[in-house]
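Below is one structure, written out as structure tokens; the observations come after it.
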Amino acid sequence: MSAVIGQRLPKLDAPDKATGRAVYGHDVRLPGMLHGRILYSQHPRARVVGVDASRAAKLAGVKAIVTAADNPATKFGYGKDNTPLKGDLVRSLRDEVAAVAAVDADIAEEALELIHVEYEPLEAVLDAEAALKADAPLVHPERGTNLFTQYDYSHGDPAKTGEAGSQVIVEDDFELPYVAHAAMETSVVVASFDHRGHLTLYSTTQIPFLLQRDLAEALGLDGSDIRIIQTAIGGAFGRGLDIYPFEPIAALLARKSGKPVRVSFSRYEEFLAAPVRQPAKVRIRAGAKRDGTLTFRDVYALLDIGAYVSWGSVTPLVMMETTASLYRVPRVRFRADCVYTNNPITGAVRGYGNPQSTFFVETAMDRLAEALGLDPIEFRVRNANRPNEDTPQGLKITSCGLKECLEAVAARADKGTEGTQGTEGTRDYGSFRQFPQVPLFPKKRGIGFASTLNVGGGARIYRSDGCGATVKVDDFGHVSLITGSTEIGQGSETVLAQIVAEVLGVKIEDVTVLNSDTDVKPWDVGVHASRTTFIAGNAAHLAAMDARRQIFETASELLKAPPEKLVAGDGRIFVRADGNQQSATPRGRFAVSNHHSVDLAKVARARHFREGGKVIIGEGWYDPPTSLVDKETYKGNISATYGFGAQMAEVEVDTETGKVRVLRLVCANDVGRAINPMAVEGQIEGGVQMGLGYALTEELIVKDGRVLNPDFLDYRLFTAADMPEIETIIVETDDPQGPFGAKGVGEMGGTPTAAAIANAIYDAVGVRLTTVPMTPERVLKGLMELKETKEMAA
Amino acid sequence: MPKFHLTLTVNGEPRELLIDPRRTLLDVLRNNLDLRGAHRGCDSGDCGACTVLLDGLPVTSCLLLAADCDGMDVLTVEGVLPSPPARGVGGEGELHPVQRALVEKGGIQCGFCTPGVVMAAIALLNDNPRPTEEEVRLGLAGNLCRCTGYKKIVEAVMSAAEA
């Protein structure tokens, strides 16, 4: 067994975080730094008649004010529809109208109050369906329509042969809410120009190299004039996957004032102005044959992407993948419309369309199983994806442990034992009731299942899905990994160090990871799509192998043995005994003697302390063998491998209050190979916390374009006291292309949770909910409707 | 605005400073005293990232006016650690048992909530050295974490209690 791979090693950055030493964006203080604040629109849609900042400009301590007049000529963002500040027209309540930089935050805040903006309110479009009507006001009039983009995917013929060949067909309508990332650290950026006019941005972005380009565009600068330094990042979850106006605004303020400027959001502002998960209305029809074989799926989704386009408009690609390729479905159609409204801007949130689509697909799966009278696990296993089988969508599935995951959670379901399948709990109603042993409103228990399919080997959303890495060995045998990838708390730094330590035969403490400066690190597309372990891991592996080749070249001279006979371990290079071809850690397996080994540090020194010497620098670039989806058909193999998982939820529903308590969640995930099982569990357990919130408590309530619950008192996250028991089962399938067999796991934890809980609620009380969060009110309403239906039938 | 003359004992050291009377304890720690371990997550007492101990009791420092803490004893996450850790992971004996357990059990991901969790856990264990899991969960219910799902945080605090 390896000393590094597969070990539960603590995160390298954890001690600094435990002691308050880590420097987050909010902790950055540069000499002369000013505080920037942003003035937002007062109306979801209005003409801006005028902005008068003259009084604010006279306030002592105000150093710069910017308005739309300071915007560069170009537009930015995924849809090229955004500007740092808004001029003639505001399109949402989070539209930035002006911004101030002042010597302290109080003065900046006071200055905002002194800016007078005159608006002429206009009729707003606040609903996706209304936005598609012929006479709807246009969010971006120059586009001529509120429809931003449409997706239409199909394989087979669901409408004709699919429906005709089905013995059972189910149909449901879903309504899915706004959800916030709710990262513990709010959005923050510090912008600073040097004497050459070059911009340094201290940022919590997930896409440092793309942000360089996007900012260049937004500011009219050259990308090479922008350096991005990533601070410790206090949670991201997709929030940092695009450029948002506060970033160019900070730069505009810094340029105008000639001082570094920090823009940091309050929590209220974070709920108001950070991107959110897009709400959607979805209809799904699905069918199966009597024998339990799936026949078709047909989905239509209408997404409200808000006033500007960000990644919210691309989530249908992931919804499409789940619809078309989770389980073996011979006929699928998936259509989606992404529509502009005057509502909040929507972006990428962990899972990226998958929690939503897994909710509707797995609800349909449960209904089909019930209609067929089949066990929900048996039905799912029968239709499960299989290893080394392409899906009709073109996904090349290699390693696949879906069946194993389903069986693992089923084995923990304890079906038929106390407390499941609608068993009535006990409740003491006091002695005044005639029959206290038969409670009027019992608590009922149920169990539910759901699976998930996720990209696990990158996701080619851009033309490149690559990552670069460099491995350097210093004179003391210490190893530096310089990687393009980004640590956002998920533990990539540690996992990548484990990969390098394994290849070079050193301890993980001997590896330092540098990953936070675009002037230092090689290119990477960004930290998204659960791609870092697989893509950056493969890049680090290649760089470490290159470094090892150089080490062996010099060690070969020192040890007077051919390089192919050398092996690295314990910080030394050993000569392998004849006949033994194993390459694992040498201790105990080879005759270890200083005559037959040399210290890594000595090799490093020997390589360059000589005429014509060289330093050990290994290079790696990994771009997976995948393709962009076809623009017409949306088919193609977007990821080099796919991750699978299944969850079992056990719930207790209080039929008096409608409150759902999750008692237990069992999660099984095919992660290829767990390079660090503790980190894998952490990803799944953390994903579950988000999945539970999606299922039961989290909804950003938006009315008339305004967020009504912009704080943690009203936007409810699960706390330590609310969490159910979580059991994590790691299924290893040893992916042929993954670094040491690993594939991505970052987003899978929360993806099937809402579906598993919804199915468990149905199992407990017979209420089928197609809206999240499944609040007590909604459950109670379902119980009442059920009662009415039963009474009518009686 | 007239300044307020504030006297505090912070991490064992007496501190005297003139502050704007509108400042919260969190403002003073982060901006006047350069102690940025307590984090500002919400400014409304909901998230717990700014938790410090005031005369030994856990408080959300974003909700307290600094002036109201005059003459009191403040312990922040910086004061929990007696000496800097060695290079690498968790130098022996240099972390508080709660910090070490959080590091070793995987209770830290992005780490933004961690200083608050450390302080809340220390207060909990001072008050109740052998808590049940339920008591730990309730004791940490005021500390939001978006990364870990709390399981490893709870395990860490339980193991620190046993240590």
**Item:** Cα centroid separation - the range A:498-542 against the range A:605-677, whole Å
**Value:** 14
**Share of carbon and sulfur in the accessible heavy-atom surface of the range A:133-201 [1.4 Å probe, %]** = 48
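Over chain A, what is the relative contact order in percent, taking alpha-carbon pairs closer than 8 angstrom and at least six residues apart?
Details: 2020 pairs, mean separation 119.9, N = 794.
Over chain A, the number comes to 15 percent.
With r defined as the distance between the Cβ atoms of B:L18 and A:D517 and R0 fixed at 30 Å, what FRET efficiency is calculated, to the nearest 0.05?
Numbers: r = 38 Å, r/R0 = 1.28.
Computed FRET efficiency for B:L18 and A:D517 comes out at 0.20.
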**Request:** Could you check the simple spin-label distance between A:E163 and A:A73, using points 7 Å along Cα→Cβ, in nm with one decimal?
**Result:** 5.4
**Under Karplus coefficients 6.51, -1.76 and 1.60, residue-wise ³J(HN,Hα) of the range A:635-640 in Hz, glycine/proline x** = 8, x, 9, 6, 10, 6
**Prompt:** To the nearest 0.05, how large is the calculated FRET efficiency for A:R213 and A:A794 if R₀ is 60 Å and r is the Cβ-Cβ distance?
**Reply:** 0.35
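Contour minus end-to-end for A:S2 and A:K560, with contour as 0.36 nm per residue of separation and end-to-end as the Cα-Cα distance? Walk me through the numbers before you get to the answer.
Details: separation 558, 0.36 × 558 = 200.88 nm, distance 2.74 nm.
Once the chain is fully extended between A:S2 and A:K560, it gains 198.1 nm.
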**Asked** Classify the range A:466-622: rounded, prolate or oblate, from the alpha-carbon gyration tensor (a ≥ b ≥ c, eigenvalue square roots; a/c under 1.5 rounded; otherwise prolate if a/b is larger than b/c)?
**Response** prolate
**Asked** Excluding same-chain residues fewer than 8 positions from A:K86, which aspartates and glutamates have a Cα within less than 16 Å of its Cα?
**Response** A:D52, A:D70, A:D95, A:E96, A:E118, A:E120, A:E142, A:E247
**Fill in**
In short, the range B:133-161 residues buried by 30 Å² or more of accessible area relative to the isolated chain (1.4 Å probe) are B:R137, B:A141, B:L144, B:R146, B:C147, B:G149, B:Y150, B:K151, B:K152
**Prompt:** Hey, what do the phi angles of the range B:47-58 turn into as Karplus ³J(HN,Hα) couplings, whole Hz, using 6.51/-1.76/1.60 and θ = phi - 60°, x for Gly and Pro?
**Reply:** 9, x, 5, 9, 4, 9, 9, 10, 6, x, 9, x
**Length-normalised contact order of the range A:276-364 in % [C-alpha pairs under 8 Å, at least 6 apart]** = 37
**Prompt:** Using the beta-carbon distance between B:D34 and B:L63 and R0 = 25 Å, what value does 1/(1 + (r/R0)^6) give for FRET efficiency, to the nearest 0.05?
**Reply:** 0.70
**Complete:** Taking chain A and counting helices only, DSSP H stretches of n ≥ 4 at -39,500 (n - 2.57) each over all residues, the nearest-500 ellipticity at 222 nm comes to -7500 deg cm²/dmol
**Fill in**
With x for Gly and Pro, the residue-by-residue ³J(HN,Hα) of the range A:493-503, computed from phi through the Karplus equation 6.51 cos²θ - 1.76 cosθ + 1.60 at θ = phi - 60° and given in whole Hz, is 3, 6, 5, 5, 5, 4, 4, 5, 4, 5, 5
**Message:** Can you tell me which lysines have their Cα less than 20 Å from the Cα of A:K521? Leave out same-chain residues fewer than eight positions away.
**Reply:** A:K472
**Message:** Within the range A:74-117, name every residue whose backbone N is under 12 Å away from a label modeled 7 Å from Cα of A:R55 along the Cβ vector.
**Reply:** A:111-117
**Message:** As a test of reading the structure, rank A:K281, B:K3, A:K560 by solvent-accessible area (1.4 Å probe, protein chains only), most first.
**Reply:** A:K560, B:K3, A:K281
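Using the Cα gyration tensor of the protein assembly as shown, with a ≥ b ≥ c the square roots of its eigenvalues, what is the shape: rounded (a/c below 1.5), prolate (a/b larger than b/c) or oblate (neither)?
Rounded is the answer for the protein assembly as shown, as its axis ratio a/c remains below 1.5.
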**Prompt:** Per residue, how much accessible area does chain A show when a 1.4 Å probe rolls over the protein heavy atoms, in square angstrom?
**Reply:** 36
**Message:** With just the Cα atoms defining each centre, how far is the range A:123-188 from the range B:128-163? Give it in Å.
**Reply:** 41
**Prompt:** Taking amide H positions as placed 1.01 Å from N in the peptide plane, with prolines and chain starts having none, which residues 5 or more places from A:L566, or on another chain, fall under 5 Å of its amide H?
**Reply:** A:R576
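Find me the longest stretch of chain A that has none of the exposed GluC sites (Glu not before Pro), where exposed means in a DSSP loop (not H, G, I, E or B) with at most 11 other Cβ atoms within 10 Å.
On the way: sites that count: A:E123, A:E418, A:E611, A:E632.
Result for the longest clean stretch: A:124-417.
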**Rounded accessible area per residue of chain B, 1.4 Å, Å²** = 40
**Request:** Could you pull out every one of the lysines with an alpha carbon less than 19 Å from that of B:K151, ignoring same-chain neighbours closer than 8 positions?
**Result:** A:K11, A:K17, B:K105
**Total accessible area lost when B and A pair, probe 1.4 Å, Å² to nearest 100** = 4100
**Asked** So which of A:K444/A:K787; A:K75/A:K281; A:K396/A:K635 end up more than 19 Å apart by C-alpha?
**Response** A:K75/A:K281
**Request:** Obtain the nm distance between the two label points defined at A:K80 and A:D291 by a simple spin-label model: each point lies 7 Å from its Cα along the Cα-to-C-beta direction.
**Result:** 5.3
**Asked** Quick one: if you stick a label point 7 Å off each Cα along the C-beta vector at B:T9 and A:H116, how many nm between them?
**Response** 5.5
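The values are calculated or read from the model by the stated rules, or taken from the named source; none is laboratory data. As the structure is a prediction and not an experimental result, all values here were calculated from the model. Please note: Cβ atoms are built from the backbone with ideal geometry, for glycine as well, and neighbour counts cover all protein chains shown. Side chains included, ligands, DNA and RNA excluded: accessible areas come from the protein's heavy atoms. Shrake-Rupley method; radii C 1.70, N 1.55, O 1.52, S 1.80 Å.
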